[in-house]
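Read through the structure below, which is laid out as structure tokens, and then see the notes.
The values are calculated or read from the model by the stated rules, or taken from the named source; none is laboratory data. Remember, it's a predicted structure, so these values are computed and weren't measured experimentally. Every residue, glycine among them, receives a Cβ derived from its backbone with ideal geometry; neighbour counts consider all protein chains shown. These accessible areas exclude ligands, DNA and RNA; they are computed on the full protein's heavy atoms, side chains included. Shrake-Rupley method; radii C 1.70, N 1.55, O 1.52, S 1.80 Å.
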Amino acid sequence: MGSAEPQVASSAATQLSDGFQLVIDALKLNGIDTIYALPGIPITDLTRRAQADGLRVLSFRHEQNAGYAASIAGFLTQKPGICLTVSAPGFLNGLNALAHATTNCFPMILISGSSEREIVDLQQGDYEELDQLAIARPLAKAAYRVLHADDIGVGIARAIRAACSGRPGGVYLDLPAKLFAQSIDAELGKKTLIKVVDPAPKQIPAPEAVKRAAELLKNAKKPLIILGKGAAYAQADADIRAFIERTGIPYLPMSMAKGLLPDTHEQCASAARSFVLPAADVVMLIGARLNWLLSHGKGKTWGAKSAKDWGGQKFIQIDISPQEADSNVRIDAPVVGDIGSCVAALLKELGAGSPKPPADWLNAINDKKSTNVAKMAETLAKSPTPMNFHSALNVVRDIIKANPDAILVNEGANALDFTRSIVDMYKPRKRIDVGTWGIMGVGMGYCVAAAVATKQQVIAVEGDSAFGFSGMEVETICRYNLPVCIVVMNNNGVYKGTDKDPTGRDPAPTVFVKGARYDKIMEAFGGFGINASTPAELRKAMEEAIRSRKPTLINAVIDETAGTESGRITSLNPSAAKKK
Ligand SMILES: Cc1ncc(C[n+]2csc(CCOP(=O)(O)OP(=O)(O)O)c2C)c(N)n1
Ligand SMILES: [Mg+2]
């Protein structure tokens, strides 16, 4: 100690930096301008100093919501969303979102402060002791720890590269408390930082793979394209649209791919989904996985006799991950590469003169569409009392049509399924929802990130149960005065509000306080709260919210008998299946 003092004194001209500063500098050097955080030991000063240094630090009420915000910021911007938490419990709260990011292929970095290695590893009971790195590893695409200040540059660079390259995902970065206070010569420290060059390198598909896919497509009699959220993430919008329009092939957008081409596009087959899936002979998947959301590419949905049987379709799959093909059924033509490069290569291969699909296929789809669209129009035109999902969502549908740049956040069961099918989207990456897992709780975190990352108006359609998972972030939305309009579809419970406890003792597990006024929560923090019992009241409130760009929560009173168990996925519900 004594010998160090004169050294510092003698080099008064030497500027010192520290771990805090290097983390901030490394993030800034890599173009990261926003951190979604919740302060506390050991990262409180990191949030303060990051803010002082010009980073936007959005402070949340629960780490899970900060994490979901970071994950969707990654989806919307292709830059890793940064979530910053304290150790043990804060880290665990953020972990859910990290797993969500990995599952959904969103680039995100969870940075958590942690306790001292020496104490944690000997299990000596440190403050918030937890072996965070070990816990994060199986849920993350990659997980790293930095022990020395001069490794911060490498640590952040590796985290960014892992999050963005190939198939994106969630990355964990463990930063022990001691690291932040380590001092280092500022000049030397600066030299250790790395500006990541080309964090998501293009991956060009093999010419023979492209040829194989084009051949299959040319010979198809009933071709179909399915766009997944990977296609939306890729930001290859112009080429994807050109490919679909030039080939004339009908397409189905998965939930978060809606709007990649307008849902009103003549080739959009959403209104004939249950007709095209079993009938198609060649299906081209663009950034869509054959997981449960597509019934694993087999079974009755695909025209097969029973659940495990193959429907007979041939599949072309464009995906950045070579491991994706054959995950559920045989992929006849895998095309591995980034979606932009793959679609561009296929466009080139097919040339201008690609044959259009046979007219009888297109006519059959159009017939189905017309019938279903007419049926839907009839349902939407009704205005029952009390308001139901359809009459309320008819309003949201009009509002989105008039405001196609608004971002639609959506979660719930019926509130999700009806919104997805009723509300048309017109532009890419405007619909963000429960994703691969169908999770509740993404709502308010998504609202904050969407407003901050895109500066657009945000409209959230939330089931009353779904909203409850992140409802406290209404305060965050008010604090940052974000242009967010939340519509709580209040049907008094999970799926519906009519269940009863057979013993008569308690409310049923699916039922909430009847006639709850969620709008009052918004009022508590200075935003606008409105109770809407009719479509006209809902319309007026939404229009005003968009005009004012003020935080608004509309409690939309929905008929408590209107929903169905589990929304559209009743078949996955074991008890419901038994009842049948
Ligand atoms: C994290 C999480 N917990 C629980 C569930 C199970 N779950 C699915 S939908 C849902 C809520 C549905 O109710 P609500 O949001 O009110 O939508 P509604 O069908 O009533 O419109 C729940 C709890 C889930 N998907 N995710
Ligand atoms: Mg509900």
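Taking the condition under 24 Å from A232 (Cα atoms), free of Cβ contacts under 8 Å to residues at least 12 places away in the same chain and of a type in the set (D, E), does D338 pass? Give the steps one after another, and end with the answer.
On the way: under 24 Å from A232 (Cα atoms): yes; free of Cβ contacts under 8 Å to residues at least 12 places away in the same chain: no; of a type in the set (D, E): yes.
No.
Of the residues that make up region 252-259, is at least one modelled with pLDDT of 95 or more, closer than 22 Å to K218 by Cα and surrounded by 17 or more Cβ atoms within 10 Å (Cβ to Cβ)?
yes
Go through (1) away from ligand 2 (no atom under 13 Å from the Cβ); (2) open to solvent by less than 10 Å² (accessible area, probe 1.4 Å) for D424 and report which single condition fails.
All conditions pass for D424, except number (2).
Considering (1) touching a Leu at 6+ places or on another chain (Cβ under 8 Å); (2) closer than 16 Å to L29 by Cα, say which one L139 fails and leave the rest.
Going through the list (1) touching a Leu at 6+ places or on another chain (Cβ under 8 Å); (2) closer than 16 Å to L29 by Cα, L139 breaks only (2).
Table: residues versus (1) touching a Cys at 6+ places or on another chain (Cβ under 7 Å); (2) hydrophobic (A, V, I, L, M, F, W, C); (3) more than 21 Å from A162 (Cα to Cα).
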site: L58; (1), (2), (3): no, yes, yes
site: H62; (1), (2), (3): no, no, yes
site: A70; (1), (2), (3): yes, yes, no
site: T103; (1), (2), (3): no, no, no
site: R117; (1), (2), (3): no, no, yes
site: L130; (1), (2), (3): no, yes, yes
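Return a yes/no flag: does region 463-471 have any residue that is within 17 Å of the chain's Cα centre (by Cα) and of a type in the set (A, V, I, L, M).
yes
May I ask you to list the residues in region 452-468 that are under 19 Å from K496 (Cα atoms) and away from ligand 1 (no atom under 12 Å from the Cβ)?
none
Okay, residues lined up against (1) over 27 Å from P384 (Cα atoms); (2) out of contact with any Ser or Thr (no Cβ under 9 Å at 6 or more places or on another chain); (3) within 16 Å of ligand 1 (Cβ to nearest atom):
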| site | (1), (2), (3) |
| --- | --- |
| N492 | no, no, yes |
| K496 | no, no, yes |
| Y518 | no, yes, yes |
| E523 | yes, yes, no |
| F528 | no, no, no |
| A545 | no, no, no |
| L572 | yes, no, yes |
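Is it fair to say T47 is in contact (Cβ under 8 Å) with a residue 60 or more places away in the chain, open to solvent by 10 Å² or more (accessible area, probe 1.4 Å), touching a Leu at 6+ places or on another chain (Cβ under 8 Å) and not small (G, A, S)?
No: the conditions fail for T47.
Taking G471 as the residue in question, decide whether it is more than 9 Å from ligand 1 (Cβ to nearest atom) and surrounded by fewer than 24 Cβ atoms within 10 Å (Cβ to Cβ).
yes
Report, ordered by the first and then the second residue, all pairs with beta carbons closer than 6 Å, sequence separation of six or more or different chains, a first member in region 435-461 that is open to solvent by 30 Å² or more (accessible area, probe 1.4 Å), and a second member that is of a type in the set (D, E) and within 16 Å of ligand 1 (Cβ to nearest atom).
Hits for this filter: M440/E411.
Restricting attention to region 292-324, which residues are surrounded by 20 or more Cβ atoms within 10 Å (Cβ to Cβ) and not in a helix (DSSP H, G or I)?
Selection gives K298, G311, Q313, F315, I316, Q317, I318, D319, I320, E324.
Quick one: which of M489, M440 is assigned to a loop (DSSP other than H, G, I, E, B), within 13 Å of ligand 2 (Cβ to nearest atom) and among the hydrophobic types (A, V, I, L, M, F, W, C)?
From the options M489, M440, the qualifying one is M440.
So in region 72-96, with the set limited to residues that are in a loop (DSSP other than H, G, I, E, B) and in contact with a Cys (Cβ under 9 Å, 6 or more places away or on another chain), which one is surrounded by the most Cβ atoms within 10 Å (Cβ to Cβ)? Before the answer, list the steps.
Let us first name the residues in region 72-96 that are in a loop (DSSP other than H, G, I, E, B), namely 78-80, 86-87.
Applying the additional criterion that residues be in contact with a Cys (Cβ under 9 Å, 6 or more places away or on another chain) yields 78-80.
Numbers: Q78: 16, K79: 20, P80: 31.
Going through the qualifying residues, I end up with P80.
Kindly indicate the residue of region 390-412 that is part of a helix (DSSP H, G or I) and open to solvent by 30 Å² or more (accessible area, probe 1.4 Å) and also nearest to ligand 1 (Cβ to nearest atom) among those meeting that condition.
H390
Hey, does region 181-190 have a residue that's open to solvent by less than 10 Å² (accessible area, probe 1.4 Å) and in contact with a Lys or Arg (Cβ under 8 Å, 6 or more places away or on another chain)?
So far as region 181-190 goes, no, none of its residues is open to solvent by less than 10 Å² (accessible area, probe 1.4 Å) and in contact with a Lys or Arg (Cβ under 8 Å, 6 or more places away or on another chain).
Looking at region 194-221, which of its residues are open to solvent by 30 Å² or more (accessible area, probe 1.4 Å) and in contact with a Gly (Cβ under 7 Å, 6 or more places away or on another chain)?
Residues satisfying the conditions are I194, Q203, I204.
From A449, A415, grab the single residue that is modelled with pLDDT of 95 or more, within 15 Å of ligand 1 (Cβ to nearest atom) and of a type in the set (G, A, S).
A415
Can you name the number of the only condition in (1) at positive phi; (2) touching a helix residue (DSSP H, G or I) at 6+ places or on another chain (Cβ under 8 Å) that G351 fails?
Of the numbered conditions (1) at positive phi; (2) touching a helix residue (DSSP H, G or I) at 6+ places or on another chain (Cβ under 8 Å), the odd one out for G351 is (2).
Please pick out the residue among T561, T534, T552 that is within 16 Å of ligand 1 (Cβ to nearest atom) and β-branched (V, I, T).
None of the others qualify; the one that does is T561.
If I go through region 345-368 residue by residue, how many of them are open to solvent by 40 Å² or more (accessible area, probe 1.4 Å) and among the aliphatic types (A, V, I, L, M)?
3
Please specify each residue of region 515-560 satisfying the condition of being open to solvent by 80 Å² or more (accessible area, probe 1.4 Å), in contact (Cβ under 8 Å) with a residue 60 or more places away in the chain and either outside any loop (DSSP other than H, G, I, E, B) or within 16 Å of ligand 2 (Cβ to nearest atom) (or both).
Scanning region 515-560 gives a single hit, E543.
Inside region 473-509, can you point out the residues that are of a type in the set (S, T, N, Q) and either more than 26 Å from the chain's Cα centre (by Cα) or at positive phi (or both)?
Of everything in region 473-509, those that are of a type in the set (S, T, N, Q) and either more than 26 Å from the chain's Cα centre (by Cα) or at positive phi (or both) turn out to be N481, N492, T498, T503.
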